[in-house]
Structure formats: C-alpha cells, structure tokens
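The values are calculated or read from the model by the stated rules, or taken from the named source; none is laboratory data. Predicted model, so just to flag it, every value in this text is computed and none were measured. Here Cβ is always computed from backbone atoms with ideal geometry, including for glycine, and neighbour counts include all displayed protein chains. Surface areas here come from the heavy atoms of the whole protein model, side chains and all, with no ligands, DNA or RNA. Shrake-Rupley method; radii C 1.70, N 1.55, O 1.52, S 1.80 Å.
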Amino acid sequence: DNLGKAKNLPSGLCIFDESWHQGVIGILASRIKERFHRPVIAFAPDIDQNADSIDDIVEIKGSARSIPGLHIRDVLAGVDSKHPDLINKFGGHAMAAGLSFNYSDYDKFCRVFNEEVENQLAPGALEGVILSDGNLSAADLQLEIAQQLREAGPWGQNFPEPIFDNSFELIEQRIVGERHLKLTLAHAELDTWIDAIAFNIDLRQWPNRECRRVHAVYKLDVNEFRGKRSLQLI
C-alpha cells in the first residue's frame, strides 16, 4: 500500500521486512515487479540466524526479479565493482538473481542499487509496454488452436509464448480462490461465450460491476475439468 501511494518511485525497488521468510521473497519480488514494472529485490533475514528482533539481524538475503531491457546480474556486478565491500555474495542471470549482505548496509545498498539500475536501464524500459501478436479472429478462438500452441512449446526466455489482444463484451465476473478473477466473455462473431481467468488481480479494482467491455491481452489455454476440455483465456 505504501508503494502504491508513492508518487515518485525509484527505478529499482528494494523491500524488506523482518518477518518475511526466504522461501517467499522470490514470489513477492515477482508480484511487485509485475505491479510496478520495475526491477525489484525483496529481502528477508538470513534464516540461519537466531534473531529475536530486528536488532539481532546481521545478514539479509535478497531475491531479485528484473524486467526486459535490464540484466539484473549485470546490475549487481556493477554495484559490486563500485562498492567491493558491500555485497557478501551474489549470482543469477538476466531476469533473476540472489544476493546477501550485512543488514547495516541496507540503506546504502538501496541507494547504490537504484543508481546502477538507472545507469544500465534501457531507454523506455519502465514504460511497461506489452507486445502482442495481434487480434485473433473468431475462427482462431478455438480449442484446437490452443492445443496446437501447447504442443509447440516449451516456451521460455527469448522464445515467449504467443499473446493476443481483443475487445470483448464482459458477461460475468467473480472472484475465485483469494485473488483470481473468473470472467465470461463474448465475441461479436461467436455464438458461444468464452471463459477467461486473470490471476492475482487488484481486489480494489476488480470485480468492477460498471465495466461492460474489456480490451484483454491473453494467452490461449486448454482448461481440463472433470474430463471435459474447453478453451480458456489467461
């Protein structure tokens, strides 16, 4: 919530809480990255320490997630070369990395990390542009196409799964699980409705009963439930 209220976010975000466990900070960093489209490092106390309070914390460990246009390990290497006594150890690749350093250096690291991110950031990388493969016709919004795409994988970095975008009439919307939005959509040229789901949505924005149409960016998915296979948009 505090991040959401900030008017001028740094280019590189560092977040820490003494109650966080190392097992969840990677997921947390990924979600904050998706929300603000900035490289994020989430930190937690070293679980090998017997710290009863924040005053007892000696070392913290971080899990970093990056955005296209920024090699996060190169950023950490840049920080390490300019401040060789700051980071205890680090490693990773273009989109994810891990590191550790002394908790007493946290404020300094936040500052120099942001400086190095801004130094290495590709122009326009923070704009959060979604590259789509375009609209799908009604004839292509079919289970068979989704199955063909599934078999064409595996997808990965530099070989992303195709994504598409269309405008739909929004027929129904409801929350499933804790934070997932289940949608029923209508296409002007289709006689049947289409199921869709959006994961980890902002509950302050959805469900939105005033919304009648959506411009959706999606992947085609094969949904299997009780032996029945159907098309689903993600």
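Have a look at Ile163, Ile194 and point out the one that is closer than 14 Å to Leu233 by Cβ, open to solvent by less than 40 Å² (accessible area, probe 1.4 Å) and under 21 Å from the mean Cα position of the chain (by Cα). Step through it out loud before you land on a result.
Working: Ile194 fails: under 21 Å from the mean Cα position of the chain (by Cα).
One residue alone meets the criteria, Ile163.
Which residue pairs have Cβ atoms under 6 Å apart, sit 6 or more places apart or on different chains, and have a first residue in the stretch 71-98 that is open to solvent by 70 Å² or more (accessible area, probe 1.4 Å) and a second that is in a helix (DSSP H, G or I) and at pLDDT 95 or above?
His93/Arg73
Please state which of the following conditions Asn166 fails to meet, knowing it meets all the rest: (1) among the polar types (S, T, N, Q); (2) in a loop (DSSP other than H, G, I, E, B); (3) touching a His at 6+ places or on another chain (Cβ under 8 Å).
Status for Asn166: all satisfied but (2).
Which condition breaks for Gly124 when tested against (1) open to solvent by less than 60 Å² (accessible area, probe 1.4 Å); (2) in contact with a strand residue (DSSP E or B) (Cβ under 6 Å, 6 or more places away or on another chain); (3) closer than 21 Å to Ser30 by Cα?
Just one mismatch for Gly124, condition (2).
Any residue in the stretch 115-130 that is closer than 17 Å to Ala94 by Cβ and in a loop (DSSP other than H, G, I, E, B) sitting within a Cβ distance under 8 Å of a residue that is open to solvent by less than 40 Å² (accessible area, probe 1.4 Å) and at pLDDT 90 or above? List the pairs, counting only those 6 or more apart or interchain.
Leu121/Ser11; Leu121/Leu70; Ala122/Leu70
Among (1) loosely packed, with under 11 Cβ neighbours inside 10 Å; (2) more than 30 Å from His93 (Cα to Cα), there is one condition Leu181 misses while meeting the rest; what is its number?
Going through (1) loosely packed, with under 11 Cβ neighbours inside 10 Å; (2) more than 30 Å from His93 (Cα to Cα) one by one, Leu181 breaks only (1).
Could you grab me the full set of residues in the stretch 176-213 that are of a type in the set (Gly, Ala, Ser) and either under 21 Å from Gly134 (Cα atoms) or not in a loop (DSSP other than H, G, I, E, B) (or both)?
Filtering the stretch 176-213 for residues of a type in the set (Gly, Ala, Ser) gives 177, 186, 188, 196, 198.
Ala186, Ala188, Ala196, Ala198, listed by residue number.
Given (1) open to solvent by 90 Å² or more (accessible area, probe 1.4 Å); (2) more than 30 Å from Pro68 (Cα to Cα); (3) touching a Leu at 6+ places or on another chain (Cβ under 9 Å), where does Ile171 come up short, assuming only one miss?
The one condition Ile171 does not meet is (1).
Do the conditions hold for Ala216, that is, is it of a type outside the set (Asp, Glu), open to solvent by less than 40 Å² (accessible area, probe 1.4 Å) and in a helix (DSSP H, G or I)?
On the way: of a type outside the set (Asp, Glu): yes; open to solvent by less than 40 Å² (accessible area, probe 1.4 Å): yes; in a helix (DSSP H, G or I): no.
No, not satisfied.
Find all pairs meeting these conditions: Cβ atoms under 7 angstrom apart; at least six residues apart or on different chains; first residue within the stretch 200-226 and in contact (Cβ under 8 Å) with a residue 40 or more places away in the chain and among the aliphatic types (A, V, I, L, M); second residue in a loop (DSSP other than H, G, I, E, B) and open to solvent by 60 Å² or more (accessible area, probe 1.4 Å).
Listed by first residue and then by second, the contacts come to Val217/Ile130.
Filter the stretch 134-160 down to residues that are within 24 Å of Val214 (Cβ to Cβ), open to solvent by 40 Å² or more (accessible area, probe 1.4 Å) and of a type in the set (Gly, Ala, Ser), then give me how many there are.
The qualifying residues number 2.
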